[in-house]
Amino acid sequence: MELHEFCQLADLSEKEFLIKEINGKSIGAILVDGVVHTILNYCPHEAAEVCKGKVTGTVLPSNVGEYLYDGNQKVISCPWHGWEFDIKSGKALFESEKSYRLKTIKNSIVNNKIYVGV
């Protein structure tokens, strides 16, 4: 695995992904609670550019007619079908016979520059 420069730390936001092509792969980077998270910009459902989806909190499991919103758990909603994935782990927030998850990419920060391993 080779490290590639992605961007300056100051280029990132906590509201939306910064998307770049590195070594032929589309990768998105975002800050969550001050921590950099990088993922492959590919939804495992039908190959949408998942990093172009909305970054929000999520509705928690609750009783019928009750809606509990967790604004602290950051998820990315696929722009095509609304599937939600936890940004930190890449894990889908729904249960299915298949185990869907986003591919997380290792990153490191050196001198305020973010590098990704691709």
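No lab work stands behind these numbers, since they all come straight from the coordinates. Nothing here was measured: the structure is a model prediction, and the numbers come from that model. Using ideal geometry, Cβ is built from the backbone for each residue, glycine included, and neighbour counts are taken over all protein chains shown.
Could you work out the equivalent-ellipsoid semi-axes for the chain, taking the square root of 5 times each eigenvalue of the Cα gyration tensor, largest first, in whole Å? Before the final figure, lay out each step's value.
Details: eigenvalues 140, 53, 24 Å².
So the three semi-axes of the chain are 26, 16, 11 Å.
Do any chymotrypsin sites (Phe, Trp or Tyr not before Pro) in segment 44-118 lie in a loop, going by DSSP, with at most 12 other beta-carbon atoms within 10 Å of their beta carbon, and if so which? Before the final figure, lay out each step's value.
Numbers: sites: TYR67, TYR69, TRP80, TRP83, PHE85, PHE94, TYR100, TYR115; in loops: TYR67, TRP80, TRP83, PHE94, TYR100.
Answer by residue number: TYR67, PHE94.
Set the Förster radius R0 to 22 Å, insert the Cβ-Cβ distance between GLU16 and ASN111 as r into 1/(1 + (r/R0)^6), and round the FRET efficiency to 0.05. Kindly include the intermediate steps, with their values, before the conclusion.
Working: r = 24 Å, r/R0 = 1.11.
With R0 = 22 Å, the Cβ-Cβ based efficiency is 0.35.
Going by how many other Cβ atoms sit within 10 Å of their own, how do CYS78, CYS7 line up, fewest first? Walk me through the numbers before you get to the answer.
Numbers: CYS78 22, CYS7 16.
Lowest to highest Cβ neighbour count: CYS7, CYS78.
Rounded if a/c is under 1.5, else prolate if a/b is larger than b/c, else oblate: which is segment 17-76, with a ≥ b ≥ c the root eigenvalues of its Cα gyration tensor?
Details: a/c = 3.99, a/b = 1.87, b/c = 2.13.
Judged from the Cα gyration tensor, segment 17-76 comes out oblate (a/c at least 1.5, b/c at or above a/b).
Step through the table entries LYS15/LYS103; LYS91/LYS113; LYS54/LYS113, compare each Cα-Cα distance with 23 Å, and write down the pairs that go over it. Intermediate values should be presented prior to the final figure.
Details: LYS15/LYS103 20 Å; LYS91/LYS113 27 Å; LYS54/LYS113 25 Å.
Exceeds cut-off: LYS91/LYS113; LYS54/LYS113.
Given q = 0.21, 0.24, 0.25 Å⁻¹, what are the Debye log10 I(q)/I(0) values for segment 68-118, with equal point scatterers placed on the Cα positions and solvent ignored?
Relative scattering, expressed as log10 I(q)/I(0), comes to -0.86, -0.97, -1.00.
Are there any GluC sites (Glu not before Pro) in segment 83-118 that are in a DSSP loop and have at most 16 other Cβ atoms within 10 Å? List them by number. Provide the component values of the computation, followed by the final result.
Numbers: sites: GLU84, GLU95, GLU97; in loops: GLU95, GLU97.
Hits after loop and neighbour filter: GLU95, GLU97.
With viscosity set to 0.692 mPa s at 37 °C, what whole-number translational diffusion coefficient in µm²/s follows for segment 58-97 from Stokes-Einstein and a Kirkwood radius over Cα pairs? Walk me through the numbers on the way to the answer.
Values: Rh = 11.1 Å.
The estimated diffusion coefficient comes to 295 µm²/s.
Restrict the search to segment 1-59; then list the trypsin sites (Lys or Arg not before Pro) that DSSP places in a loop and that have at most 16 other Cβ atoms within 10 Å of their Cβ.
Working: sites: LYS15, LYS20, LYS25, LYS52, LYS54; in loops: LYS15.
Those that pass, being in a loop and sparsely packed, are LYS15.
Around GLY117, under 9 Å between beta carbons, what's the net of Lys plus Arg minus Asp minus Glu among the other residues? If you can, show how the numbers build up before the last one.
Values: positive: LYS106; negative: GLU2.
Here the charged neighbours net out to 0.
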